[in-house]
Every structure is written in structure tokens, then in C-alpha cells.
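Structure first, commentary second.
The values are calculated or read from the model by the stated rules, or taken from the named source; none is laboratory data. Fair warning: this is a prediction, and the values are worked out from it, not measured in the lab. For the accessible areas, the whole protein counts, side chains as well, though only heavy atoms, and no ligand, DNA or RNA atoms are used. Shrake-Rupley method; radii C 1.70, N 1.55, O 1.52, S 1.80 Å.
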Amino acid sequence: MIINKESELRRYVSRLEKQISGINRELLKVSIPLALEAKCKIVVRNPETNQNTYNFLSEDCVEKILVLYGDTENGVITNLDDLFKEFLPEHHPKYKEIARRDSMLDELCYVLDEKNRADILKGYTPRF
């Protein structure tokens, strides 16, 4: 498939966003329990108000606090990399999904950058 129309680009962006969200959900299912096992308190904070919106707390004594920042415009946590890279061990079967997610995020940033729009619409082969 080659993108050369605005509508095709929008569909591709939408598909990428859905795939990234799916990967995020899968990685969260694994990494939050691992973080709680490591006695970490996870706080999701609104960066505009500095109010905590979610708390995940292990039953044991807290040895570490990880603050994640929720983007209030679209509800996306902006620094999930900190959680995934800190608590998902390299030997875990889902670890390779971090690299896939990173590549997809790079691709999404590229296609959303207005500086690239004209070149993309001349004919772009999507990476995913």
C-alpha cells in the first residue's frame, strides 16, 4: 500500500494509534503487577493541576515511587517508557514489544509532522 491521499494518511494514523494503544494495554497488564511486586507505588498525575488521578500501591512497604504523567487532552500517559523499561525484564516474552512500540511511535511522529506532509502525499510506503 502506498499513501498518496490525505484520507489514506488519516486512516494510517488512526490504525497506528490503535496498534500503539493495544501494545500499551498489553504491556501495562504485565508491568504494573511486576512493579507492585517490586514494592513500587505508581502514581498517575495530571501535569496541569499536579493532582494525582490514579494510585497503584503494593501492599508492602513502598521502596520506590514512579510518577506517570497523564495528558489531559486525550487521556494518554506520556511517559510509559519509564514504567516498561524499569519493570519489564529483558527475558520476559512481552519485552520485544517495547522496541516495536518505540518504532511505531517514531513512525507516528514522522507522519504527523507537518514538515513531512508534502513528501508523504507524493507517495509513502508505510512501515507498519
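A few points about this structure:
- Solvent exposure, largest accessible area first (probe 1.4 Å, DNA, RNA and ligands not counted), of GLU107, GLU26, GLU97, GLU48: GLU48, GLU26, GLU97, GLU107
- Cross-link pairs LYS96/LYS122; LYS18/LYS94; LYS39/LYS85; LYS5/LYS96; LYS39/LYS96; LYS18/LYS96 - those with Cα-Cα distance over 28 Å: LYS96/LYS122; LYS5/LYS96
- Each residue was assigned an accessible area with a 1.4 Å probe, and for SER7 the value is about 40 Å².
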